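Structure, as structure tokens:
The values are calculated or read from the model by the stated rules, or taken from the named source; none is laboratory data. Since the model is a prediction, treat every value here as computed from it, not as a measurement. Note: ideal-geometry Cβ built from the backbone for every residue, glycine included; neighbour counts use all protein chains shown. Protein only, heavy atoms only, side chains kept; ligands, DNA and RNA dropped before computing areas. Shrake-Rupley method; radii C 1.70, N 1.55, O 1.52, S 1.80 Å.
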Amino acid sequence: MTDRDEAPKSVDLSTPNAARMYDYFLGGKDNLAPDRAAAEMVLGIAPQIRLAARQNRAFLGRAVRYLAEAGIRQFLDIGTGLPTQNNVHEVAHTIAPDASVVYVDNDPVVLAHGRAILAGSQNVHIVQADLRRPEEILDDPEVRERLDFDRPVAILLVAIVHFLQDADDPEKVVARFRDALPSGGYLVLSHVCGDALPEAVEPVTEIYRRSSTPIITRSTERIRGLFGDLELVEPGLVNVSAWRPDNVESKLITERYPQSYFLAGVARKP
Ligand SMILES: C[S@@+](CC[C@H](N)C(=O)[O-])C[C@H]1O[C@@H](n2cnc3c(N)ncnc32)[C@H](O)[C@@H]1O
């Protein structure tokens, strides 16, 4: 995307946006000057955030591969982002081409981008809805048509719950999705955590506060609570880089940043 690219009229492209800042951290091209400026300010405070974003994306790929290998054939990915590569459907389809993937996002730019790159893809659909209104997602006709909640389904909330403010009641929102899981279904969740870098929390939060997508860091215990009584698979709730690492970069980063900064887990409903 360039600054001149068309966007829906209702979209404010002059205000930084987390999806596009994340794309910048990942080295993508779907970002604009205000996003890049805000992202650079974040990196000035906490340079490791670029690595954390990349590690989060890699975690998402490993989690989807793990689930596809475990036999999961249905994925509800809420908070699609501006995917460039290693999208959920691409990873799932390398193992199970018949896997059904429904993406959900509330950002019209993400929707337009997703629809363009998914055109012609089999078993992949994208829906505009808001995480803060779980029923809107769970009752969406496309979601209901493509996913059968009587069979195992994985719900992915990867790098999205930290966009819910406390007033949005993230515990209640995530509990509604846990309740929707059938036995044998999975919740995949990652969330930024302030425990490792307490001095960076306020300045980084302040930058996002001026974006269209304010962010809230939460403690390890609060993030653990989002899994409720689901059973976390090994290695439990850990830094994104430490979740079943399969490459040298993840292993080195885990050694270098052992404290909680971006936590992730995959949990199964008994
Ligand atoms: C940082 S991206 C994460 C992308 C992908 N899940 C990943 O981890 O690589 C977060 C995405 O969540 C979306 N998002 C944020 N708040 C949302 C909400 N309340 N409802 C739906 N989508 C939301 C943003 O538009 C963005 O696309």
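Listed values, structure above:
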{"item": "Probe 1.4 Å - accessible area at I49, Å² to nearest ten", "result": "40 Å²"}
{"item": "Projected label distance in nm at R151 and E171, using a 7 Å step from Cα toward the beta-carbon", "result": "3.6 nm"}
{"item": "Backbone HN-Hα couplings from phi across the stretch 250-266 [Karplus 6.51/-1.76/1.60, Hz, Gly and Pro as x]", "result": "4, 5, 5, 5, 4, 5, 6, 10, x, 7, 5, 10, 8, 8, 9, x, 10"}
{"item": "Where labels lie 7 Å past Cα in the beta-carbon direction, separation of D139 and T94 in nm", "result": "3.9 nm"}
{"item": "Simple Cβ-charge dipole of the stretch 136-270, Lys/Arg +1 and Asp/Glu -1, about Cα centre, in debye nearest 20", "result": "240 debye"}
{"item": "Rotationally averaged projected area of the chain (alpha carbon convex hull; nm²)", "result": "13.2 nm²"}
{"item": "Charge dipole of the chain about the Cα centre (unit charges at C-beta), most positive-ward option of L26, A38, L230", "result": "L26"}
{"item": "T205, T254, reordered so the largest accessible area comes first (probe 1.4 Å)", "result": "T254, T205"}
{"item": "Inter-part distance where the stretch 30-86 and the stretch 165-194 are each reduced to a Cα centre, Å", "result": "18 Å"}
{"item": "Solvent-accessible heavy-atom area per residue, rounded to whole Å², over the chain at 1.4 Å", "result": "44 Å²"}
{"item": "The chain, accessible surface, carbon-and-sulfur percent (1.4 angstrom probe)", "result": "50 percent"}
{"item": "Beta bridges per DSSP with both ends in the chain, % antiparallel, nearest 5", "result": "35 percent"}
{"item": "Extension gain from E69 to R209, taking 0.36 nm per residue of separation minus the Cα-Cα distance", "result": "46.5 nm"}
{"item": "Fluctuation leader among P198, P134, P182 - the chain, Gaussian network, Cα springs under 10 angstrom", "result": "P198"}
{"item": "Rounded accessible area of S260 (nearest 10 Å², 1.4 Å probe)", "result": "30 Å²"}
{"item": "Length-normalised contact order of the chain in % [C-alpha pairs under 8 Å, at least 6 apart]", "result": "18 percent"}
